[in-house]
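Below is one structure, written out as structure tokens; comments come after it.
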Amino acid sequence: MLKYSLFICSIVVFFVSCKPTHSDNVIEFNQAMQTFSNYEKVTCKHLDWKAKINFELKEIKGTATWTFENKSNEKFIHFDTYDMSIIKAKVNGKETQYFVTDFNKEFGSGLSIPISEKDSMVSVEYTTGADATALQWLAPSQTAGGKLPYLFTQCESIHARSLLPCQDVPANRITYNAEIETPRGMMAVMSAKNPTEKNPEGKYTFEMEIPIPTYLIALAVGDIDYKAIDDRSGVYTEPSMLEKSANELSDIPSMMKVAEKLGGPYKWRKYDVLIAPPSFPIGGMENPRLTFATPTIIAGDKSLVSLIAHEMAHSWSGNLVTNATWNDLWLNEGYTTYFERRIMEEIAGKDYNEMMWELGYQDMQSDLNDMGLNGEDTKLKIDLKNRHPEDAFSNIAYEKGAIFLRMLEENMGRKAFDIYLNKYFQTNAFVPMTTEKALTFMRQHLFNGDSSIETKLQLHQWIYEPGLPNNCPKINPIRFIEVDKQRSAFEQSGKVENLKTSNWSTHEWLQFLRKLPHPFAISRMELLDAQFQLTNTSNSEIADEWFKLSISSNYEKAFAKMEQFLSKVGRKKFLQPLYFELMSQEKYKPLAKELFEKYKNNYHPQTAEKIRGIVSPKK
Ligand SMILES: [Zn+2]
């Protein structure tokens with residue numbers, strides 16, 4: 001395809017934005033790592049970042065000063081950038097020339113700066129571009145308070161390069177300091193030591209002294225306040241959301257206790273959560289010290305806080321032991337999903353937790369069906385050569401990864417597995433982890449060198465082959481047996497008054513709605529809606545499932561509320577299936593396109609791009 005033509009020979013001879021004087025400067029695009037940087041030879045260690053946030057221009061003007069180590073006497077340091085204007089570059093304080101390669105929509109541009117053997121510091125002054133994929137600028141109307149604008153970043157997987165010039169690979173770790181200037185009346189927070197009060201001048205300083213990969217650099221600016229939950233945890237969010245968010249998240253301290261039992265001591269000092277505005281594109285992002293989370297988890301009954309357990313678990317799997325490449329994403333997400341379920345088992349009980357395992361299993365099955373049982377991306381270890389990492393982000397890394405670990409736990413025994421898991425995090429803390437290295441560790445510390453166990457448990461099939469091996473654990477949640485019974489009785493009789501739902505959590509509702517026939521008779525949809533006000537539910541998980549069923553059943557009475565949902569909620573997980581469902585029926589295709597045109601500016605650029613692919617598929 002055209003978009004990859006630049007990289008066919010693995011070498012990109014860059015072109016020049018200043019006058020070139022070095023004819024030997026070649027930026028090699030590292031396809032496997034999706035980077036222009038030469039991080040293995042010249043390695044960035046620390047970032048000093050100064051940035052001024054300009055909401056009128058929707059632009060950050062910044063200076064990124066990098067301290068680096070030139071291990072092999074290289075003549076250039078190469079960075080990743082994405083859609084930014086470079087103003088000037090300095091080496092050890094002295095202005096110098098720089099070179100920028102052609103822009104590629106997937107990977108951005110390489111930035112190259114000449115250095116000598118004794119240099120150790122380079123700084124780049126720049127402004128971010130209108131297409132910076134890490135940034136979402138919200139108008140006041142898109143926030144809960146409606147008065148001030150808002151900015152947040154989302155750098156995973158390779159979007160940090162649009163926030164600042166960096167060596168944008170998960171395999172390298174850096175520390176950082178930042179000085180951020182915001183308009184008055186706003187607070188800035190980062191994945192670092194954070195303020196708890198607004199500064200009247202809008203001046204904030206930050207320090208992250210524990211090394212992190214660049215995808216964990218994070219910033220949010222807005223009308224943000226803080227409320228402590230205990231001395232280690234608290235909530236940052238808009239003032240009108242503060243009380244209810246703090247109530248919803250009051251289990252954080254007990255979750256943390258369970259997590260530490262499993263993973264070892266929490267190494268990041270504070271654990272706070274930022275509840276972002278509704279257009280936040282994903283469920284949560286595990287930015288160290290400050291998880292960013294969607295407000296759609298504030299359901300009023302704590303039924304969706306497993307998302308926080310997930311992000312908290314990333315403090316070990318992902319943030320401490322980090323996938324070395326995006327091919328190894330399952331090490332971040334599979335371990336975290338398993339870890340999350342173990343936290344939830346303690347917090348909410350086994351029966352409750354089994355429902356989450358089952359819903360996750362259903363999500364994985366749906367992806368396996370979509371990708372085909374032989375689909376390359378259904379392997380745990382994937383191959384992203386020449387692709388954007390997010391091309392292959394799916395439930396496979398999360399759910400197949402997690403159930404693989406559950407299979408190991410069931411076979412090796414929980415006690416032995418927990419010892420192994422704890423050792424995995426403690427021994428490999430701050431180390432980039434490849435699948436191969438993780439397997440070696442598993443062979444030594446879980447199988448104790450007994451290769452027959454590996455064969456019996458089909459280790460190779462699980463990791464390197466597509467589909468699902470036949471020793472996948474069976475999940476059969478007791479609480480769903482009752483839901484299924486009630487559902488089939490209702491399907492046969494249509495007696496909505498016989499449905500006993502008062503004890504149902506979100507998960508029971510999801511099971512009920514997912515297992516109803518798609519399409520379902522409109523007369524029955526009406527009965528359900530009249531009885532349970534599903535069209536008007538404020539629970540976004542249930543709403544999403546109900547709207548999906550409504551589209552497939554042509555139950556158009558729900559469409560006005562669905563439109564409101566699509567206009568307000570930015571979470572990709574909810575938007576994608578609804579647009580898919582609309583596009584799957586000829587008669588709703590124009591509606592899908594119309595809704596996207598109307599609301600695309602409310603979506604995060606990464607999400608808008610995905611939805612565009614759904615409503616206007618390439619022929
Ligand atoms: Zn995750």
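The values are calculated or read from the model by the stated rules, or taken from the named source; none is laboratory data. Small disclaimer: the values here were computed from a predicted structure and weren't measured. Please note: Cβ atoms are built from the backbone with ideal geometry, for glycine as well, and neighbour counts cover all protein chains shown.
Here are some notes:
- Among residues that are within 14 Å of the ligand (Cβ to nearest atom) and either assigned to a helix (DSSP H, G or I) or farther than 20 Å from Ala171 by Cα (or both), Glu354 is not included.
- Tally of residues being acidic (Asp, Glu) and away from the ligand (no atom under 15 Å from the Cβ) across the stretch 331-350: 2
Residue-wise test of (1) more than 29 Å from Lys244 (Cα to Cα); (2) in contact with a helix residue (DSSP H, G or I) (Cβ under 7 Å, 6 or more places away or on another chain).
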position	(1), (2)
Val321	yes, yes
Trp330	yes, yes
Tyr338	no, yes
Met344	no, yes
Met356	no, yes
Gln365	yes, no
Asp370	yes, no
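- Restricting the search to helices (runs of 4 or more DSSP H) fully inside the stretch 435-515 and requiring at least 3 residues that are touching a residue at least 24 places away in the same chain (Cβ under 8 Å) and touching a helix residue (DSSP H, G or I) at 6+ places or on another chain (Cβ under 7 Å) gives 435-445, 478-493, 506-515.
- Annotation note: Cβ proximity below 6 Å between a residue of the stretch 291-319 that is over 13 Å from Thr506 (Cα atoms) and without any contact (Cβ under 8 Å) to a residue 60 or more places away in the chain and a residue that is within 11 Å of the ligand (Cβ to nearest atom) and of a type in the set (A, V, I, L, M) (sequence gap 6+ or interchain) occurs for no pair.
- Across the stretch 575-597, the number of residues qualifying as in contact with a helix residue (DSSP H, G or I) (Cβ under 7 Å, 6 or more places away or on another chain) and charged (D, E, K, R) comes to 3.
- Scanning the stretch 105-128 for residues that are in contact with a helix residue (DSSP H, G or I) (Cβ under 7 Å, 6 or more places away or on another chain) and surrounded by fewer than 24 Cβ atoms within 10 Å (Cβ to Cβ) yields Lys105, Glu106.
- Cβ pairs under 6 Å, 6+ apart, first in the stretch 266-289 and outside the structural domain of Ser157 (by TED's automatic domain parsing) and more than 18 Å from Ile212 (Cα to Cα), second within 16 Å of the ligand (Cβ to nearest atom) and in a loop (DSSP other than H, G, I, E, B): Phe280/Thr294; Gly283/Thr294
- Matching helices (runs of 4 or more DSSP H) fully within the stretch 230-330 where at least 1 residues are away from the ligand (no atom under 16 Å from the Cβ): 242-248, 252-263
- Condition met for Phe280 (at pLDDT below 95 and either among the basic types (Lys, Arg) or buried (at least 24 other Cβ atoms within 10 Å of the Cβ) (or both)): yes
- Some residue of the stretch 114-136 being of a type in the set (Phe, Trp, Tyr) and closer than 20 Å to Ile212 by Cα: no
- Close contacts from the stretch 39-57, counting a first residue that is free of Cβ contacts under 8 Å to residues at least 40 places away in the same chain and a second that is among the basic types (Lys, Arg), with Cβ to Cβ under 9 Å and a gap of 6+ residues or different chains, come to Glu40/Lys71; Lys41/Lys71; Asn54/Lys61.
- Residues within the stretch 383-408 that are among the hydrophobic types (A, V, I, L, M, F, W, C), within 16 Å of the ligand (Cβ to nearest atom) and modelled with pLDDT of 95 or more, tallied: 6
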